[in-house]
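Step one of this worksheet: look at the structure below.
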Amino acid sequence: MNTIKTALYMTALAVLLVLVGRVAFGPAGVLPFFLIALAMNGFAYWFSDRVAIAAAQAREVSPAEAPMLHVLADRLAQQYGVPKPRVYVSPDPSPNAFATGRNPRHAAIVVNQGLLQLLDQEEVYGVLAHEFAHVRNRDILISSVVAVIAGAITMIAQIAIWFGGGSRESRDGGPLGAVAALLMILLAPIAALMIQMAVSRSREYQADETGAHVSHDPLALASALRKLERAGQVIPSQTAQPAFAHLYIVNPLAGGVGSLFSTHPPIEKRIARLEEMAGRAA
């Protein structure tokens, strides 16, 4: 069911991208923007992990440099039955983590330095169990593709506004045509964000549940989420980019207007679900 939903979301984003091209540049924009959508999918498949890792300024670490991370990664790889991902550490003092890659064989786990300083080993294990769930469920590829296309829609809409708010055909249609074109250009990025949120939120809940089940310690993940949420409010991220914010276990851009359109479910609800899991297991 999730695969069907994801396919529909990605199709909707591709159609939205073509519509933006049509409104912004007229009929001549349809085919080029369809090809752009295909190219964006290809780029996201092959290179989105490199872009996300570079944006986080992360560096791959060896077992000698980060023994705890590698021990936990080895254990989780065995538990999940997936190849061990590459392990990276970002110098970002804001505590957070994310997974990326096109499939389980080409996955990477990125942990911020701030997380290692804030959480104990059981909580780190819970966080990594959550990220491994994204790897096994192939959420990392889906999220990357959605992010790239949504980012393209926003960028193209901004360019269209800069160059006059729509194609000449739309403006020649009179005031109503011009207004409709402008509304389309303004609302397209919001629609793209809503689709991105729908994809990300459901998968965060699923990764929480899977990670807690595999780690056999829902309360450790709940404790980690609580600490990460609180610390993220006072230690702003120095590396997180909006296009990749949904990859992180908690929203790295929390606070302000951005929280109204968060790609993550409310932390309180995630913690409540984890505590309910712990209660059922007791």
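Numbers below:
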read-out	value
Qualifying residue in the range 83-92 (condition: in a helix (DSSP H, G or I), at negative phi and open to solvent by 50 Å² or more (accessible area, probe 1.4 Å))	no
Matching option when the condition is surrounded by 14 or more Cβ atoms within 10 Å (Cβ to Cβ), polar (S, T, N, Q) and without any contact (Cβ under 8 Å) to a residue 60 or more places away in the chain, among 78, 113, 117	113
Only one of 200, 170, 223 that is modelled with pLDDT of 95 or more, outside any loop (DSSP other than H, G, I, E, B), open to solvent by less than 50 Å² (accessible area, probe 1.4 Å) and of a type in the set (Ser, Thr, Tyr)	223
Failed item, numbered, when residue 65 is tested on (1) of a type in the set (D, E, K, R); (2) in contact with a helix residue (DSSP H, G or I) (Cβ under 8 Å, 6 or more places away or on another chain); (3) not in a helix (DSSP H, G or I)	(2)
Test for residue 55: is it under 30 Å from residue 187 (Cβ atoms), in contact with a Leu (Cβ under 8 Å, 6 or more places away or on another chain) and among the hydrophobic types (A, V, I, L, M, F, W, C)	no
Pair list, Cβ < 7 Å and 6+ apart or interchain, from the range 46-73 residues that are on the phi > 0 side of the Ramachandran plot to residues that are surrounded by 18 or more Cβ atoms within 10 Å (Cβ to Cβ)	57/90; 57/239
Residue in the range 139-161 that is outside any helix (DSSP H, G or I), charged (D, E, K, R) and modelled with pLDDT of 70 or more present	no
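So that you can scan it fast, the table gives a plain yes or no per residue for (1) modelled with pLDDT under 80; (2) part of a helix (DSSP H, G or I); (3) within 22 Å of the chain's Cα centre (by Cα):
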| residue | (1), (2), (3) |
| --- | --- |
| 188 | yes, yes, yes |
| 206 | no, yes, yes |
| 231 | no, yes, yes |
| 240 | no, no, yes |
| 244 | no, yes, yes |
| 254 | yes, no, yes |
| 274 | no, yes, yes |
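The values are calculated or read from the model by the stated rules, or taken from the named source; none is laboratory data. Bear in mind the structure is a predicted one, so any value in this text is a computation, not a measurement. All Cβ positions, glycine included, derive from the backbone under ideal geometry; neighbour counts span all protein chains shown. All accessible areas refer to the heavy atoms of the entire protein, side chains included, with ligands and DNA or RNA removed. Shrake-Rupley method; radii C 1.70, N 1.55, O 1.52, S 1.80 Å.
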